[in-house]
Structures are given as structure tokens and as C-alpha cells.
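> The structure follows.
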Amino acid sequence: MIQTIKNIPRRVVNASRYSWDGLRSAWAKEEAVRLELLAFVILAAALVFVPWPLWKKLALAAIFVIIPLTEMLNSAIEDLCDLVSPEFQPLIKSSKDKGSAAVLLAIFVNILALAALIAL
């Protein structure tokens, strides 16, 4: 038990390092991730000047994070699919298409959330 507690800081550092490596990899290899993260930075900067209550600004920023998050999961699915089967396979195509559809749904959710926040 005590040994497990002592390992917590090392595990947190290692997990943080793996997460940072994932972000760097996504940034380096995926143009969509770069564009979505850049859009997030622009959105965050623009929200400073929008006369909304803080809760609306935080809600929009939190919801927008869903887009690059989903894009990174989609990229991970595509990487695994390419590793498992570099040649065309209908099931691999279906997996990649579902990941892409998830990104599209995340974008739709953001549009609806923005419309709802504007209407409030």
C-alpha cells in the first residue's frame, strides 16, 4: 500500500509525459488538429472581448475543446487501422469513416451550442 502511494508522483509524471508526447505527435502529423487548436486559441482570445457572462465564455470554450479531442481520437483510430491493415479492407474503411463521422458530429454539437448560447 505504501509503495503504491510512493509511486503516485512518478506515475503522474509518466502519464503527463505520455500525454504531452501525444499532443506533440498530433500537432506534428495532423493538419486538422493544428487548425482546430489554432481556432481554439483564436476563439479564446475573441471571447475576452465578447460581452457575455463568464459562464457562457467558459461553456463555449469547454464545448469547443470537444472538436480537437475528437480529432485526436479519430487520428489514433486511423493510425491503428493503418498499422493493422495497410491495404484496403472494408472493415478498416468503416472504422475510419466512423471516426470521421464523430468529428463531424462534434462540429455540429459546437454549432448548436454556439447558437444556444447566443440565444440565451
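The values are calculated or read from the model by the stated rules, or taken from the named source; none is laboratory data. Quick caveat: nothing in here was measured; it's all calculated off a predicted structure. Because the Cβ atoms are built from the backbone with ideal geometry, glycine has one as well, and the counts that use them run over all protein chains shown.
> For the list (1) under 20 Å from LEU117 (Cα atoms); (2) in contact (Cβ under 8 Å) with a residue 24 or more places away in the chain; (3) among the β-branched types (Val, Ile, Thr), I need the number of the one condition that VAL48 fails.
(2)
> Is there any pair linking a residue in region 1-30 that is on the phi > 0 side of the Ramachandran plot to one that is surrounded by 10 or more Cβ atoms within 10 Å (Cβ to Cβ) and not in a helix (DSSP H, G or I), with Cβ under 9 Å and at least six apart or on different chains, and which?
Going by the 9 Å Cβ cut-off, there are no qualifying pairs.
> Let me ask something additional. Under 14 Å from LYS29 (Cβ atoms) and not aliphatic (A, V, I, L, M) - does that describe any residue in region 53-71?
Yes, region 53-71 contains a residue that is under 14 Å from LYS29 (Cβ atoms) and not aliphatic (A, V, I, L, M).
> Take LEU114 and decide whether it is surrounded by fewer than 16 Cβ atoms within 10 Å (Cβ to Cβ), more than 21 Å from LYS29 (Cα to Cα), in contact with a Phe, Trp or Tyr (Cβ under 9 Å, 6 or more places away or on another chain) and not aromatic (Phe, Trp, Tyr).
Taking the combined requirement at face value, the residue satisfies it.
> Which number in (1) modelled with pLDDT of 95 or more; (2) more than 19 Å from the chain's Cα centre (by Cα); (3) surrounded by 13 or more Cβ atoms within 10 Å (Cβ to Cβ) marks the one condition that TRP52 misses?
Evaluating TRP52 over (1) modelled with pLDDT of 95 or more; (2) more than 19 Å from the chain's Cα centre (by Cα); (3) surrounded by 13 or more Cβ atoms within 10 Å (Cβ to Cβ) leaves (1) as the failure.
> Before we move on, is LYS98 touching a helix residue (DSSP H, G or I) at 6+ places or on another chain (Cβ under 6 Å) and basic (Lys, Arg)?
Spelling it out, it is not the case that LYS98 is touching a helix residue (DSSP H, G or I) at 6+ places or on another chain (Cβ under 6 Å) and basic (Lys, Arg).
> Sticking with this structure for a sec: Among the listed residues LEU43, LEU69, LEU73, LEU23, identify the single one that is more than 11 Å from the chain's Cα centre (by Cα) and part of a helix (DSSP H, G or I).
Exactly one of LEU43, LEU69, LEU73, LEU23 is more than 11 Å from the chain's Cα centre (by Cα) and part of a helix (DSSP H, G or I), namely LEU43.
> Can you tell me which residues in region 60-76 are closer than 12 Å to LEU114 by Cα and buried (at least 17 other Cβ atoms within 10 Å of the Cβ)? Give the derivation first.
The initial filter retains those residues of region 60-76 that are closer than 12 Å to LEU114 by Cα, namely 60-64.
Result: LEU60, ILE63, PHE64.
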